[in-house]
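The values are calculated or read from the model by the stated rules, or taken from the named source; none is laboratory data. Here the structure is a predicted model, which means the values were calculated and not measured. A quick note on method: Cβ atoms are made from the backbone with ideal geometry, for glycine too, and the neighbour counts reach across all protein chains shown.
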Amino acid sequence: MHLSLTEHARCRYGDEYRPPVPRCSEDHDDRHFIEKLTFADAAEILTMLHTLCPNLVDGLLPVWVRNLAYRLVLLQRPGDPALMREAAHSLKLHGPDWDDIAADLEHRAAAREGA
């Protein structure tokens, strides 16, 4: 069993910055990982993102996992402008499909700071 969300993600998807870890026999499908991610608190999710993708554009986490992780964190911390900008930057780096969402996040962050 994994001790943290980061450890589970590292086991499931790998870690660009550390030597490969032996894959455990438990929890080795996306469903188990997504269940853990869904119910993790914002701090644990951010630790995973910042550990496995420290420069936003790097890391081995699939883009759909990153997008879901940021969405879950923003739902838990809806008024955090720095987090909105970080999520927007990640969306911009991983494809034009989400540019409108990224622009909205940046606009909301600016509005929060101006309030």
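Based on what the data block shows, is CYS53 farther than 25 Å from ALA115 by Cβ and modelled with pLDDT under 90? It is false that CYS53 is farther than 25 Å from ALA115 by Cβ and modelled with pLDDT under 90. Scan region 93-107 and tell me whether some residue there is closer than 19 Å to ALA9 by Cβ and either in a helix (DSSP H, G or I) or of a type in the set (S, T, N, Q) (or both). Yes; the residues of region 93-107 include at least one that is closer than 19 Å to ALA9 by Cβ and either in a helix (DSSP H, G or I) or of a type in the set (S, T, N, Q) (or both). Within region 27-85, the set of residues being of a type in the set (Ser, Thr, Tyr) and within 14 Å of ARG10 (Cβ to Cβ) comprises THR47, THR51.
Taking the stated definitions as given, is GLU44 acidic (Asp, Glu) and more than 11 Å from the chain's Cα centre (by Cα)? No, not satisfied. Restricted to region 14-50, and to residues there that are in a helix (DSSP H, G or I) and modelled with pLDDT under 90, the residue that is surrounded by the fewest Cβ atoms within 10 Å (Cβ to Cβ) is ARG31. Looking only at region 32-46, decide whether some residue is of a type in the set (Ser, Thr, Tyr) and farther than 18 Å from ARG108 by Cβ. Yes, that holds for at least one residue.
Of ALA69, ALA87, ALA82, which residue is more than 11 Å from the chain's Cα centre (by Cα) and either part of a helix (DSSP H, G or I) or β-branched (Val, Ile, Thr) (or both)? Step by step, each of ALA69, ALA87, ALA82 is checked, and only ALA82 is more than 11 Å from the chain's Cα centre (by Cα) and either part of a helix (DSSP H, G or I) or β-branched (Val, Ile, Thr) (or both).
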